[in-house]
Amino acid sequence: MTGTAPPSRLGSCLKISLRAWVQGSRNLDSLNPRLKSAHPRKAAPAQISNAPLSAIERVRLARNPLRPQTLDYVDALVSGFFELHGDRRFADDGAVVAGLGYFGRHEVAVVGHQRGKTTSERIRRNFGSAKPEGYRKAARVFELANRFSLPLLTFVDTQGADPGLGAEERGQNEAIAHNLELMARLEVPIICCVIGEGGSGGAIAIGVGNVVLMQENACYSVITPEGCAAILWREASDENVAIAASAMKLSAPDLLELGVIDEIVAEPAGGAHTEPAQAAHTLGLAIARHLERLRRSNPAALRRARESKFAAMGTAFLTGDSVANAGRVG
């Protein structure tokens, strides 16, 4: 058996290799005990250590491919969902999901980003980066909500709007600006939920709400940490990206302190992807609580409060005034 190990030696080699593979898998899980491993091996639910997560760790959790997306929350929280397609101008954009349904006993309109889960779906949905037709589809549903006095729920989860040449040629900037103006003047309750990444104008184009909820491990910023590091230091190294993430104040605790969001929604230990049903239940309770309060307000008061809330963000950081109080209604 020249050139081939004897059966006994071969078996020993296989056992050693198997032990090494198992040990390597365990090492992957122990790199950071606060983050749930991406390794598919079944294990006990991840535990969050007593030490707080850093900004870049929250970014990684927000980007976890197993994290629940808009359609997961729609399936869990909205019954009888009827999806609407197309912007009636150019095309349908899979990066934006929009439609009508029931949240509990209330008829609602729903709009959200959808990144996709499989490779083919991610390509079809452009990885959640909406094009002008996506934002114009959202605008269609905004107008329907206003016409029929339906509360509006939005789910924000995008790295940013599509930056491609075609999107720019079809008026990406105009589509985003129109949505900001339209959402500001709607006379219905609007509850926005940041469920993953909230990136730049692509996020705020469906994020102008009377109440802005943010999941514990989501992030919300004008640019990605990688983009910020590349601009400031010309190098998006791991160290620079971590520094940028911390400086950008993109985490839920930072944004709550700054008044950009209204409430942090707790996640299961290890992130929303570890217990999607629990994450949906907790988010649903927060939505229901705010919706009951907002539905008691008159339409004009809802609009004025929303306008005041976002107008105050430009001055609150300088004057120290509370953004939350400026936009309080009901």
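The values are calculated or read from the model by the stated rules, or taken from the named source; none is laboratory data. What you are looking at is a predicted structure, and each value in this text was computed from that prediction instead of being measured. Heads up, the Cβs are rebuilt from the backbone with ideal geometry, glycines too, and the neighbour counts pull from every protein chain shown.
Just a yes or no: is a residue in the range 199-213 modelled with pLDDT under 95, over 27 Å from residue 114 (Cβ atoms) and in a helix (DSSP H, G or I)? Checked against the condition, which is being modelled with pLDDT under 95, over 27 Å from residue 114 (Cβ atoms) and in a helix (DSSP H, G or I), the range 199-213 yields no hits at all. Could you grab me the full set of residues in the range 244-269 that are over 20 Å from residue 66 (Cβ atoms), part of a loop (DSSP other than H, G, I, E, B) and not small (Gly, Ala, Ser)? If the condition is that a residue be over 20 Å from residue 66 (Cβ atoms), part of a loop (DSSP other than H, G, I, E, B) and not small (Gly, Ala, Ser), then 248, 249, 250, 260, 261, 262 are the ones that fit.
Restricting the range 230-256 to residues that are in contact with an Asp or Glu (Cβ under 7 Å, 6 or more places away or on another chain) and of a type in the set (Gly, Ala, Ser) leaves a set whose member that is nearest to residue 291 (Cα to Cα) is 252.
Of all residues in the range 263-285, those that are modelled with pLDDT of 95 or more have Cβ atoms under 6 Å from Cβ atoms of residues that are aromatic (Phe, Trp, Tyr), 6 or more apart or on another chain, in 280/73. The set of residues in the range 225-283 being acidic (Asp, Glu) and farther than 24 Å from residue 210 by Cα consists of 226, 235, 238, 239, 275.
Could you tell me whether residue 218 is aliphatic (A, V, I, L, M), buried (at least 17 other Cβ atoms within 10 Å of the Cβ) and either closer than 22 Å to residue 267 by Cα or modelled with pLDDT under 95 (or both)? Criteria met by residue 218.
State yes or no: is residue 204 crowded, with 24+ Cβ neighbours inside 10 Å, within 25 Å of residue 174 (Cα to Cα), of a type in the set (A, V, I, L, M, F, W, C) and in contact with a helix residue (DSSP H, G or I) (Cβ under 8 Å, 6 or more places away or on another chain)? It is false that residue 204 is crowded, with 24+ Cβ neighbours inside 10 Å, within 25 Å of residue 174 (Cα to Cα), of a type in the set (A, V, I, L, M, F, W, C) and in contact with a helix residue (DSSP H, G or I) (Cβ under 8 Å, 6 or more places away or on another chain).
Does the range 226-243 hold any residues that are over 24 Å from the mean Cα position of the chain (by Cα), hydrophobic (A, V, I, L, M, F, W, C) and outside any helix (DSSP H, G or I), and which are they? Residues satisfying the conditions do not exist here.
Rundown of residues vs (1) basic (Lys, Arg); (2) within 17 Å of residue 205 (Cα to Cα); (3) at pLDDT below 95, yes/no style:
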| site | (1), (2), (3) |
| --- | --- |
| 88 | yes, no, yes |
| 93 | no, yes, yes |
| 97 | no, yes, no |
| 102 | no, no, no |
| 108 | no, no, no |
| 111 | no, yes, no |
| 114 | no, yes, no |
| 128 | no, yes, yes |
| 141 | no, yes, no |
